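Report on one structure; see the data block that follows.
Here, each number is a calculation from the coordinates, and none is a lab measurement. Quick caveat, the model's predicted, so the values are computed rather than measured. Because the Cβ atoms are built from the backbone with ideal geometry, glycine has one as well, and the counts that use them run over all protein chains shown.
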């Protein structure tokens, strides 16, 4: 008589994803700020629920500047994402704000 045992291991990883579009000169500082901000939350999740926790800051500057780690962070997020589309969205948002400010008659 042969017995077969099947073990299913479910690995759950908690991802803390925070998206920001700061001024271009603050891109690197903002990424460090986001990592520091959520570090204690990740430690608490790991301690309480024994789950792996990672912090994924998605930072794009107002004119499309990105950090060096953005590509690695985007690959870890499930789904299809591209740096080009993030840059395009940031630039379009910035141009919309500038257009509204310039059309304002104060």
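The table below lists the values:
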{"read-out": "Backbone N within the range 50-73 under 17 Å of label point (7 Å from residue 100 Cα along the Cβ vector)", "value": "62-63"}
{"read-out": "Percent RCO, i.e. relative contact order, over the chain, from Cα pairs under 8 Å lying at least 6 residues apart", "value": "27 percent"}
{"read-out": "Sites residue 28 and residue 91 - FRET efficiency at Förster radius 25 Å, r taken between beta-carbons, to 0.05", "value": "0.85"}
{"read-out": "The chain - mean residue ellipticity at 222 nm from DSSP helices (-39,500 (n - 2.57) per run, n ≥ 4, rounded to 500)", "value": "-16000 deg cm²/dmol"}
{"read-out": "Which labelled figure in (1) 64; (2) 72; (3) 60 is percent of Cα pairs over 17 Å apart, once derived from the coordinates", "value": "(1)"}
